Amino acid sequence: MAGVAQEGADVAWSTRELADLAGTTVNTIRHYHRLGLLEEPTRRYNGYKQYGIEDFVRLLRIRRLVGLGVPLAQIQSISSDGDNGSQVLRQVDTSLAAEVERLRKVRSDIAAILRDGGSADTPSGFGAVAPRLSPSDSSLLHVITQLCDEDALADLKNMLESDPGPVDQEFDALPAEADEATRQRLAESLTPTLVRHLVDYPWLSDPAARLVKSEHVTRQTFVDAVIDLYNAAQIDVLVRAGLLAQKQLRLAHKD
């Protein structure tokens, strides 16, 4: 045993040898030196670093904690008695649980996109309806998902799940130079659907409670998006349909 101990005392590894032995990289070891996690070793006569068993064990301990997900900034603070280590590990476990849930949701979204043939950038939860949307509607959907809360988006999904009819297709194809009669007819055709949505989802008339941004920011962003994504004739039709729907609702309330 004495001979083995004497032989072990002479062990000295270069940085690269230590990295290979620990299954890491030279740059990682240098990074640990810069953070103060691993002390700088003594140097040989030729100026090269030489690491011993103590350095090797310390490196392995660091790698174990990193493997468990402990942030580098917290490794130094973990005490030898394990009390602080337990606290840090509980924090890591909470973060990992949240990450697992996020990944589960991501996998669910990917499965829906692959199943329904939607674009890879389809907003979460809209995989089934996205393939039926026009490019303008799809772009507006992306904007809306950043402005409304989850309940509002669930309602929007329900609205979009109804099969698109000839009116929707005609609206998508409406040229900017469409004449007055065509615009009015199309607006009147869209009005019943808009009325039904306003009745089924009253918050559409006053969406403030369903917004995740300020009302001013939301309104300006939405208006800018509509102006940029739809041509003048389409915007005119939407405005006309909105006015007609509000008028019908007022008349219904009077009755």
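The values are calculated or read from the model by the stated rules, or taken from the named source; none is laboratory data. Every value quoted in this text rests on a predicted model; they were computed, and no experiment measured them. Glycine gets a Cβ as well: all are built from the backbone with ideal geometry, and neighbour counts include every protein chain shown. These area figures cover heavy atoms from the full protein model, side chains too; ligands, DNA and RNA do not enter into them. Shrake-Rupley method; radii C 1.70, N 1.55, O 1.52, S 1.80 Å.
Per-structure values
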| read-out | value |
| --- | --- |
| Cβ pairs under 9 Å, 6+ apart, first in segment 36-53 and in contact (Cβ under 8 Å) with a residue 40 or more places away in the chain and on the phi < 0 side of the Ramachandran plot, second open to solvent by 40 Å² or more (accessible area, probe 1.4 Å) and in a loop (DSSP other than H, G, I, E, B) | G52/V11; G52/T42; I53/V11 |
| Helices (runs of 4 or more DSSP H) contained in segment 161-255 and holding at least 1 residues of a type in the set (D, E) and open to solvent by less than 70 Å² (accessible area, probe 1.4 Å) | 166-172, 232-254 |
| Qualifying residue in segment 8-22 (condition: at pLDDT below 90 and in a helix (DSSP H, G or I)) | yes |
| Count of segment 31-53 residues which are outside any loop (DSSP other than H, G, I, E, B) and out of contact with any Asp or Glu (no Cβ under 9 Å at 6 or more places or on another chain) | 6 |
| Any hit, segment 88-105, residues being within 18 Å of L153 (Cα to Cα) and either in contact (Cβ under 8 Å) with a residue 60 or more places away in the chain or among the acidic types (D, E) (or both) | no |
| From L147, L153, residue being within 27 Å of A232 (Cα to Cα) and in contact with a strand residue (DSSP E or B) (Cβ under 9 Å, 6 or more places away or on another chain) | L147 |
| Residues (open to solvent by 40 Å² or more (accessible area, probe 1.4 Å), over 30 Å from P166 (Cβ atoms), in a loop (DSSP other than H, G, I, E, B) and not hydroxyl-bearing (S, T, Y)) located in segment 79-133 | D81 |
